[in-house]
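Single-structure report; data block below.
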Amino acid sequence: MIPYGRQDISEEDRAAVDAVLRSDFLTQGPAVPRFEEALAARVGASHAVAVNSATSALHMAVAALGLGQGDLLWTTPITFVASANCGRYCGADVDFVDIDPETFNMCADALEAKLAIAEAAGRLPKVIVPVHMCGQSPDMIRIGALARRYGVRVVEDASHAIGADYDGKPVGDCAHSDVTVFSFHPVKIITTAEGGLATTNDPALAERMALLRSHGITRDDALMTEPSHGPWYYQQIDLGWNYRMTEMQAALGLSQLSRLDPFVARRRALADRYDNALQEMPLSIPGRDPKADSAWHLYVIRLHDKTRHRAVFERLRDAGIGVNLHYIPVHLQPYYKAFGFAEGDFPQSEDYYARAISIPLYAGLSDAMQDEVIAALTEALS
Ligand SMILES: *Cc1c(COP(=O)(O)O)cnc(C)c1O
């Protein structure tokens with residue numbers, strides 16, 4: 001089976017993890033801050049806070065922005081459930097903005113219309129979470145401008161998009177948002193096994209996220225409510241969690257980060273090859289926003305004939321091609337349906353779901369393996 005995604009672990013990666021295992025610190029040592037500094041520098045952000053998953057990073061970020069009971073968070077239906085769940089962890093209500101059918105990202109027109117209605121109803125969201133679907137940035141210039149106009153905070157879910165560019169600058173620089181979140185799950189562009197990270201340019205927000213990552217505990221005298229009792233002293237000044245990244249994960253991440261550029265270059269070359277090979281088939285290739293240069297986490301085709309969706313998917317699996325479907329619209333998950341969402345609420349997302357198939361794309365995919373995928377696809381569509 002050719003999988004839809006796969007990690008690439010080198011001898012250097014293994015040596016980096018082994019060196020940590022031989023050192024004094026398995027957690028709360030020097031590797032995490034080193035990884036944070038390197039990643040912040042790579043994406044052009046002032047601060048980075050590493051955690052044990054992107055799910056944790058999303059929760060930490062929206063909590064640090066003050067999202068709470070009775071507030072509202074908006075994301076898009078075509079994403080992993082974590083983009084929505086972070087709102088629910090804080091007791092906020094979740095709603096969705098439909099996608100642009102070509103880029104699969106939050107549609108800026110739909111967002112603009114929904115914000116106007118929400119303002120009139122006195123029920124604006126506190127936070128919106130646009131997703132960099134497949135590794136391509138949403139229209140962050142317009143989304144950021146709308147957010148500023150309505151006083152809404154923005155957390156970019158860039159779980160797919162480390163190494164991507166937007167408007168000529170790296171994704172993660174937070175030029176149009178408060179926070180950007182990355183995931184280092186093994187199927188993503190670089191991996192720490194499990195892991196995530198949030199970038200921001202706001203020092204107060206970075207400090208607050210770092211506090212929440214580790215139980216709400218501080219050893220910083222300036223943050224304490226009374227003078228220190230002695231060298232052992234710490235204070236819990238808020239309610240946080242243990243979302244810390246381990247030293248092994250950070251060392252792996254640092255080693256992987258050194259290969260981010262070749263990983264993304266290979267993914268871009270493979271995406272271009274798919275674009276060329278698939279042009280004449282009865283399917284749509286992914287739409288490209290000229291302002292965005294995707295990191296190509298996923299390559300998603302959409303079948304012209306949605307009545308053949310399941311059959312084509314099954315024929316590909318039977319042929320040893322590890323296709324997948326990203327994603328089942330989140331508003332149609334039973335957990336969210338229980339809040340009143342129903343089929344027909346977000347037609348573009350639902351039409352996408354009826355046609356989409358993710359085909360294999362990862363740095364280690366050879367041209368020959370990709371040709372196998374293309375041949376199997378030709379066969380499955382015949
Ligand atoms: C993978 C992913 C997440 C969650 O990442 P974890 O690191 O597995 O918690 C969140 N959002 C999107 C869009 C993802 O693809």
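Does Thr79 count as in contact with an Asp or Glu (Cβ under 8 Å, 6 or more places away or on another chain), touching a residue at least 40 places away in the same chain (Cβ under 8 Å) and within 16 Å of the ligand (Cβ to nearest atom)? So that I can check it myself, show each step before the final result.
Numbers: in contact with an Asp or Glu (Cβ under 8 Å, 6 or more places away or on another chain): yes; touching a residue at least 40 places away in the same chain (Cβ under 8 Å): yes; within 16 Å of the ligand (Cβ to nearest atom): yes.
In short, yes.
Taken over the stretch 190-232, the criterion of being among the charged types (D, E, K, R) and either touching a strand residue (DSSP E or B) at 6+ places or on another chain (Cβ under 7 Å) or within 16 Å of the ligand (Cβ to nearest atom) (or both) is satisfied by Glu194, Arg213. Residue pairs whose Cβ atoms lie under 6 Å apart, sitting 6 or more positions apart in sequence or on different chains, and linking a residue in the stretch 298-311 that is touching a residue at least 12 places away in the same chain (Cβ under 8 Å) to a partner that is of a type in the set (Phe, Trp, Tyr), are Tyr299/Tyr274.
Here Ala277 clears all of (1) within 20 Å of Leu197 (Cβ to Cβ); (2) touching a helix residue (DSSP H, G or I) at 6+ places or on another chain (Cβ under 6 Å) except the condition numbered (1).
Does the stretch 6-29 include one or more residues that are farther than 19 Å from Met245 by Cα, surrounded by fewer than 23 Cβ atoms within 10 Å (Cβ to Cβ) and touching a helix residue (DSSP H, G or I) at 6+ places or on another chain (Cβ under 6 Å)? Looking for residues that are farther than 19 Å from Met245 by Cα, surrounded by fewer than 23 Cβ atoms within 10 Å (Cβ to Cβ) and touching a helix residue (DSSP H, G or I) at 6+ places or on another chain (Cβ under 6 Å), one finds at least one in the stretch 6-29, hence yes.
From the list Val264, Val187, exactly one residue is under 30 Å from Asp293 (Cβ atoms) and within 14 Å of the ligand (Cβ to nearest atom). Which is it? Break it down into steps so the answer makes sense when it comes.
Details: Val264 fails: within 14 Å of the ligand (Cβ to nearest atom).
Going through Val264, Val187 in turn, the sole match is Val187.
Suppose we filter the stretch 34-54 for residues that are in a helix (DSSP H, G or I) and either farther than 17 Å from Arg213 by Cβ or basic (Lys, Arg) (or both); how many remain? So the count comes out to 5. Pairs are defined by a Cβ separation below 6 Å, a sequence spacing of at least 6 or placement on different chains, a first member in the stretch 45-56 that is closer than 17 Å to Gly163 by Cα and at pLDDT 95 or above, and a second member that is within 8 Å of the ligand (Cβ to nearest atom) and not acidic (Asp, Glu); the pairs so defined are Ala54/Ser159; Ala54/Val181; Ala54/Ser183; Ala54/Gly196. Residue count for the stretch 133-175 under the criterion of being part of a loop (DSSP other than H, G, I, E, B) and either away from the ligand (no atom under 16 Å from the Cβ) or in contact (Cβ under 8 Å) with a residue 60 or more places away in the chain (or both): the result is 18.
The values are calculated or read from the model by the stated rules, or taken from the named source; none is laboratory data. Because the structure is predicted, anything quoted here is derived from the model rather than measured. Virtual Cβ from ideal backbone geometry, glycine too; neighbours counted across all protein chains shown.
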